[in-house]
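Working notes, beginning with the structure itself.
Each reported figure results from applying straightforward, stated rules to the coordinates on display, with no laboratory input. Not measured: the values here are computed from a predicted model. So basically every Cβ, Gly included, is an ideal-geometry build from the backbone, and we count neighbours across all protein chains shown.
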Amino acid sequence: IYWGYPIALAIGILLSIFYLKFRNYKNSIQGLILKGIKDKQFIPYYQAILDSREERVVGYEILVRWCKGKEMVPPNEFVGPAETSGLIIQITNQIIKKVIDDLEQFDVQQWVSINIVPAHIESGVLAETLKELNWPTTKQIHFEITERTPFINIENAGRALSHLMAKGYKFKIDDFGTGYGGYSYIQNLGISCIKIDKMFIDTIGTDDLKIKVLNSIILSAQEAN
């Protein structure tokens, strides 16, 4: 009986600490993102891609948006934490499934381009998701690999990409020149398409020193082809 009070007190304190941590987690950005995934609050936003030569829409870049109730959360507030925590893979899987459902509304000549992180490929989750969906409409689906986080094993990544490319899916490097990989991705992963980051494009027609980087990227791309 004498030890009952201290033990009960200790258990009460531990339960209080656990509750406070749980509540703080639920209110943290990671906890909110997890709830957003559960409630399917992440939706695709279709940004048209125009062929300036033919003046027609040839495809759409898929941007993820977080519709949290009546509030639209800006991407810069959740994309970073989602990537750091690994939750971006779950978000992207939901986006992929929604986009594939939406493809019926588009012209068969138009394609969509979905952002993915290297871990999506290396973990095998992307291949599993596409297989689960019965390898859908390969000609209309492109993937853009972001450079904000690196591939852990280039050789394994190369094999995984080769498998998906053999199925007909196309891959690009997003915001080329701003993150990890860059030229090594072109050399080692068999990727033949890049998207040059806006900060380099904006130097066209200016005296900005970054114009030299842009020229180098273009020259390297031409030589690769």
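Tabulated results
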item: Segment Lys97-Ser184, length gained on full extension (0.36 nm per residue, minus Cα span); result: 28.3 nm
item: Beta bridges by DSSP in segment 49-114, antiparallel share as percent, to the nearest 5; result: 60
item: 10 Å-binned pair-distance histogram of segment 28-138 (Cα, whole percent); result: 13, 43, 33, 11, 1
item: Segment Glu54-Arg148, length gained on full extension (0.36 nm per residue, minus Cα span); result: 30.6 nm
item: Difference of contour (0.36 nm per residue) and Cα-Cα distance, Gln30 to Thr84; result: 18.5 nm
item: Reachable lysines, given that their alpha-carbon falls under 18 Å from the alpha-carbon of Lys97 and they are not under 8 places away in the same chain; result: Lys38, Lys40, Lys131, Lys139, Lys167, Lys170
item: Nitroxide proxy distance, nm - points 7 Å out along Cα→Cβ at Tyr46 and Asp208; result: 3.1
